[in-house]
1. What is the one condition in (1) open to solvent by 60 Å² or more (accessible area, probe 1.4 Å); (2) in contact with a Lys or Arg (Cβ under 8 Å, 6 or more places away or on another chain); (3) not charged (D, E, K, R) that Cys95 does not satisfy?
2. Taking segment 98-111 as the region of interest, how many residues are open to solvent by 10 Å² or more (accessible area, probe 1.4 Å) and either in contact (Cβ under 8 Å) with a residue 24 or more places away in the chain or hydrophobic (A, V, I, L, M, F, W, C) (or both)?
3. Does Pro87 meet the test of being open to solvent by less than 60 Å² (accessible area, probe 1.4 Å), within 19 Å of Val2 (Cβ to Cβ) and either aromatic (Phe, Trp, Tyr) or touching a residue at least 12 places away in the same chain (Cβ under 8 Å) (or both)?
4. Return a yes/no flag: does segment 64-84 have any residue that is acidic (Asp, Glu) and surrounded by 12 or more Cβ atoms within 10 Å (Cβ to Cβ).
5. Need pairs with beta-carbon distance below 7 Å; first residue in contact (Cβ under 8 Å) with a residue 60 or more places away in the chain and on the phi > 0 side of the Ramachandran plot and within segment 1-26, second outside any strand (DSSP E or B) and open to solvent by less than 60 Å² (accessible area, probe 1.4 Å); sequence gap 6+ or separate chains.
6. Quick one: in segment 1-11, of everything that is closer than 19 Å to Ile69 by Cα and within 14 Å of the chain's Cα centre (by Cα), which residue is surrounded by the most Cβ atoms within 10 Å (Cβ to Cβ)?
7. Suppose we filter segment 57-112 for residues that are under 20 Å from Thr23 (Cβ atoms) and part of a loop (DSSP other than H, G, I, E, B); how many remain?
8. Run down Tyr79, Tyr108 and say which single residue is aromatic (Phe, Trp, Tyr) and in contact with a Pro (Cβ under 9 Å, 6 or more places away or on another chain).
Amino acid sequence: QVQLVESGGGLVQAGGSLELSCTVSGRIFSWNQRSWYRQPPEKQRELVADITNGGSTTYADSVKGRFTISMDNAKRTVYLQMNSLEPEDTALYYCNIPVVAGAQGLEYDIWGQGTQVTVSS
């Protein structure tokens, strides 16, 4: 069974930094566009950043210049480096990666379990 294992969340003061990681667990043939989402308290889930197989990245306007998404293909891991954190960044952060896996080589849209990031003022 393929899963995404997230880590790196926690409590940090405003202006601080955290790095989230998301690793594919289980056998896959390939992984595709990798994304980080977040869901603040009592708000909708929103896209934070994504990175393509070719390494092209996009970011939400609210995090541009502060967050950096990267990946290690050999480790099947995607990272989100978060700097200059603000209280408004407080949210449950999820990674989302479509993977090709299984005997039939089908694509599955996998989500991580979520990791909490809390930024105090």
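1. Among (1) open to solvent by 60 Å² or more (accessible area, probe 1.4 Å); (2) in contact with a Lys or Arg (Cβ under 8 Å, 6 or more places away or on another chain); (3) not charged (D, E, K, R), the lone unmet condition for Cys95 is (1).
2. Residues of segment 98-111 that are open to solvent by 10 Å² or more (accessible area, probe 1.4 Å), as a first pass: 98, 100, 102-111.
Then drop every residue that is not either in contact (Cβ under 8 Å) with a residue 24 or more places away in the chain or hydrophobic (A, V, I, L, M, F, W, C) (or both), which leaves 98, 100, 103, 105-108, 110-111.
Final tally of qualifying residues: 9.
3. On the way: open to solvent by less than 60 Å² (accessible area, probe 1.4 Å): yes; within 19 Å of Val2 (Cβ to Cβ): no; either aromatic (Phe, Trp, Tyr) or touching a residue at least 12 places away in the same chain (Cβ under 8 Å) (or both): yes.
Judged against the criteria, Pro87 is not a match.
4. The first filter runs over segment 64-84 and keeps only residues acidic (Asp, Glu), leaving 72.
Pick out the ones that are also surrounded by 12 or more Cβ atoms within 10 Å (Cβ to Cβ) and you get none.
No, segment 64-84 contains no residue that is acidic (Asp, Glu) and surrounded by 12 or more Cβ atoms within 10 Å (Cβ to Cβ).
5. Close Cβ pairs satisfying both conditions: Gly15/Leu85; Gly26/Val2.
6. Of the residues in segment 1-11, the ones closer than 19 Å to Ile69 by Cα are 4-10.
Among the residues that remain, those that are also within 14 Å of the chain's Cα centre (by Cα) are: 4-9.
On the way: Leu4: 23, Val5: 15, Glu6: 21, Ser7: 12, Gly8: 16, Gly9: 18.
Here the residue is Leu4.
7. Just the residues of segment 57-112 that are under 20 Å from Thr23 (Cβ atoms), to begin with: 57, 67-82, 92-102, 107-112.
Filter again for part of a loop (DSSP other than H, G, I, E, B), leaving 73-76, 102, 112.
Number satisfying all stated conditions: 6.
8. On the way: Tyr79 fails: in contact with a Pro (Cβ under 9 Å, 6 or more places away or on another chain).
Going through Tyr79, Tyr108 in turn, just one is aromatic (Phe, Trp, Tyr) and in contact with a Pro (Cβ under 9 Å, 6 or more places away or on another chain): Tyr108.
The values are calculated or read from the model by the stated rules, or taken from the named source; none is laboratory data. These figures come from a predicted structure and were not determined experimentally. Glycine also receives a Cβ, built like all others from the backbone with ideal geometry; neighbour counts cover every protein chain displayed. Remember, those area values only see protein heavy atoms, side chains included, never the ligands or the DNA or RNA. Shrake-Rupley method; radii C 1.70, N 1.55, O 1.52, S 1.80 Å.
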